[in-house]
Amino acid sequence: MPLLPQGAALAWLLVAALAAGLARGFSGFGAALIFVPLASIGLGTRQAAPLMLALEVLAIALLTPAAWRIADRREVGWLALGAALGTPLGAAVLALADPLALRWGVALVILGLLALLVSGWRFRGVPSRPVTLGFGLAGGVLGGVAMVSGPPVLAYLLGREGPARQLRADFALFLAAGAVFIGIAYAMAGLLDARLLGPFAIGAPAYAAGIGLGAWSFGLASERVFRLTCHAMIAVAALLGLPVWDALLR
């Protein structure tokens, strides 16, 4: 029988799944940026990151067919090639790094990525294959470490000219490809095993409920308010995920 989280670990898993689902439902981004640091408080990053992958499988499967029809598949292909090269590096860090150092690193990286999102920075240079590969590589490394491959690639795509509908499809297709690479890398690193079944059984309903509530609440306030709310949730999650609070939170 799969081991189920208990006590504080259970509480943090439920909070993480619900909050991540809310972000996913009403803004379409930020789920991993919220889930991984919060779930890591109780489960550790080596279990939280693969669990985030498992929770996202259904959403990725539902969004990918439509994205495939609209996306610039050649552009996404070069980004995905970069991710394929970077993901094993990130997964190796996740599997081999000291757990405490890993939590510090993930929380600080997420705060840095949040600063990138809030700043509104976009890549304005001339696109080239090496540049595209580089952004994909950065996304792959971060995805392998903590399932947070999105921000570097999003900053690259938003700097390109093109219809918003296509850019969104490009991003969705990249995330789907990245999830495949992450799944392969995690499996090879021994990070996908039966220990995820118990947390998944508990976290999946909370994550689904969060997505439903977030989708329902979309439109009740302006897009700016929703983005600010999501940014605030990411910041709180990353700050709470810092190991300095363990004596109080565990």
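Which residue fluctuates most in the GNM of the chain (Cα springs below 10 Å): ALA61, ALA31, ALA91? Taking springs between Cα atoms under 10 Å, the residue moving most is ALA61. Surface listing: ARG122, ARG165, ARG46 arranged by accessible area from highest to lowest gives ARG165, ARG46, ARG122, probe 1.4 Å. Less than 5 angstrom separates the built amide H of LEU191 from none of the residues sequence-distant by 5 or more or on a different chain.
GNM on the chain, alpha-carbon springs under 10 angstrom: the most fluctuating residue among TYR186, TYR207, TYR156 is TYR156.
Residues LEU51, LEU220, ordered by accessible area of protein heavy atoms at a 1.4 angstrom probe radius and largest first, appear as LEU220, LEU51.
Estimated at the nearest 10 Å², the accessible area of ARG24 is 40 Å² with a 1.4 Å probe. Among ALA16, ALA39, ALA177, the largest mean-square fluctuation in a Gaussian network model of the chain, built with springs joining Cα atoms closer than 10 Å, belongs to ALA177. Measuring how big the chain is from its alpha-carbon positions, Rg and Dmax come out at 17.0, 54 Å.
Stokes-Einstein diffusion for the range 136-233 at 25 °C, viscosity 0.890 mPa s, with a Kirkwood radius from C-alpha pairs, works out to 154 µm²/s.
Using every pair of alpha-carbon atoms in the range 131-176, split the distances into 10 Å bins beginning at 0 and state the percent of pairs per bin, rounded to integers. Pairs per bin, as whole percents: 29, 57, 14, 0. Karplus-derived 3J(HN,Hα) values for the range 166-173, using 6.51 cos²θ - 1.76 cosθ + 1.60 with θ = phi - 60°, are 6, 4, 5, 5, 4, 5, 4, 5 Hz; glycine and proline are entered as x.
The values are calculated or read from the model by the stated rules, or taken from the named source; none is laboratory data. What you are looking at is a predicted structure, and each value in this text was computed from that prediction instead of being measured. We work out accessible area using only protein heavy atoms, side chains counted, and drop any ligands, DNA or RNA first. Shrake-Rupley method; radii C 1.70, N 1.55, O 1.52, S 1.80 Å.
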